[in-house]
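Each remark here refers to the structure printed beneath this line.
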Amino acid sequence: MKKKLVLFSILCSLLWSLPSYGQNQRSEDSELESKYLSFFNAATDAYNQGDYKLASDYYENILKGGYESEAVYYNLGNAYYKQNNIAKSIYFFEKALLKAPNDSDILKNLAFAKKMTIDAIPIKTPNGLGQAYGSFVKQYTLNFWSYLAIISMLLVVLCYLSFYFSNRTGLKRASFTIALVSLLVSFFSHANGLIIEDLESKNRPAIIFETSKALSEPNQQGVLIFELHEGTKVQVLERLNEWCQIELSDGQKAWVLQKQLREIKD
């Protein structure tokens with residue numbers, strides 16, 4: 001009987017560990033949405049009337065007030081695209097994409113905006129088993145790997161219960177096999193989640209906001225390596241005083257002034 005209670009408590013602990021979204025958070029979000037709804041509607045009306053400058057001002061004021069959503073970022077991207085401000089357009093589409101990575105409208109409009117940029121930089125293809133595996137892991141989100149790890153571990157417990165209480169040899173063997181596979185999947189998913197966390201901590205994308213001279217050193221005496229134009233996406237590797245070391249999608253690295261770019265992740 002004691003063993004049964006221990007197993008039951010383990011099962012309950014796993015169930016309680018599943019992520020949940022509290023009613024209080026939803027209530028707070030509703031209050032914020034209600035507070036800025038009038039600003040959002042005014043911005044939408046201005047956009048529909050062709051006053052894209054006024055629309056972008058309204059949306060910017062919403063962000064300054066502390067409220068953000070993929071809809072605000074997406075509409076800002078559209079408003080700046082209509083004003084031919086490609087750098088800001090791409091920047092806000094990228095911000096929207098952080099909140100809704102698979103949104104087809106955001107992806108489509110971002111692709112349109114990127115076609116307006118001057119720099120055509122190829123994407124470096126992964127070489128080597130480690131980089132290829134990293135690319136595979138990045139196809140899925142941290143939440144995906146977390147849920148998979150939890151569900152797999154829950155399945156391990158259920159299979160163990162089945163193995164422990166069943167008197168049928170065939171069922172015991174099947175339960176043991178499924179439990180073993182599920183345990184491996186859980187460890188595998190947990191490890192992939194750690195990889196995603198590490199990659200995300202190093203992932204610092206930014207958009208170039210003005211024509212920039214990319215130099216070999218973080219000073220004006222550095223050798224000019226290449227020139228970047230508005231709207232180009234880069235990765236920030238390091239900050240030093242007023243300079244940023246950046247990396248392009250083809251792997252080239254250089255230094256630019258911090259004021260010439262804007263990081264997508266705040």
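Cβ crowding within 10 Å, taken as a proxy for footprinting-reagent exposure, orders Asp266, Asp51 from fewest neighbours to most as Asp266, Asp51.
Between Glu68 and Leu257, the distance separating the two model label sites (each 7 Å from Cα on the Cα→Cβ line) works out to 2.5 nm. Highest mean first, the peptides 239-252, 222-235 sorted by other C-beta atoms within 10 Å per residue fall in the order 222-235, 239-252. Annotation: extensible slack from Ser216 through Ser38 equals 59.2 nm (criterion: 0.36 nm per residue apart, minus Cα-Cα distance).
Summing +1 for each Lys or Arg and -1 for each Asp or Glu, what net charge is found among the other residues whose Cβ lies under 11 Å from the Cβ of Asp119? Taking every other residue near Asp119 into account, the sum is -1. For the residue pairs Lys124/Lys253; Lys202/Lys253; Lys115/Lys138, the alpha carbons lie more than 21 Å apart in Lys115/Lys138.
Electrostatic bookkeeping for Asp250 treats Lys and Arg as +1 and Asp and Glu as -1; over the other residues with beta carbon under 13 Å from its beta carbon, the sum is +1.
Since every read-out is calculated from the coordinates, none of them should be taken as a lab result. Just so it is clear, the structure is predicted and the values come from calculations on it, not from any experiment. A quick note on method: Cβ atoms are made from the backbone with ideal geometry, for glycine too, and the neighbour counts reach across all protein chains shown.
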